[in-house]
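Taking it in order: structure first as structure tokens, then the write-up.
What follows is calculated from the coordinates using simple rules that are stated; it is not laboratory data. All values reported here derive from a predicted model rather than from experimental measurement. So basically every Cβ, Gly included, is an ideal-geometry build from the backbone, and we count neighbours across all protein chains shown.
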Amino acid sequence: MLTINLDIVLWVVNLTREFHAKEEVVFPDNSMEGNDDDWAMQMLADHGNDLTLQELRSGLQGLDRELQAELLALKWIGRGDYGPEEWEDVLHEAIDNWSPEIMDRLIATPLIPEYLLEGLDALGIEHEE
């Protein structure tokens, strides 16, 4: 099951909420599907001096590849792409799809805090925000 520390997941939830709540971070209407990676990378580049973004990037890049893949898999479960019973398969797919910029894409996902929390709920992991 999930090996990443729950505190790390909740830290990501809180900091991404803080980052996304800033007025200057505006998501285009079509970003909700999460398919516009060029836009996501540009949005992060535009906010590269943001201290919250820098803290997120630093913390996430400090995680090993497998833990980063767990966050990606948790996002997919929470978004409804897969069911919780598919966790092992989803995790293997996330590891196979890992790339150095995967955490930037995760940060740029507009609903990432909700997806991560929904993923925890789907896996039956109790948490408090």
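Using the average count of surrounding beta-carbon atoms within 10 Å as a protection proxy, the listed peptides 61-68, 50-57, 107-114 rank, highest first, as 107-114, 50-57, 61-68. In region 77-120, taking the dipole from charged Cβ atoms about the Cα centre, the farthest positive-side position among S99, G80, T109 is held by T109.
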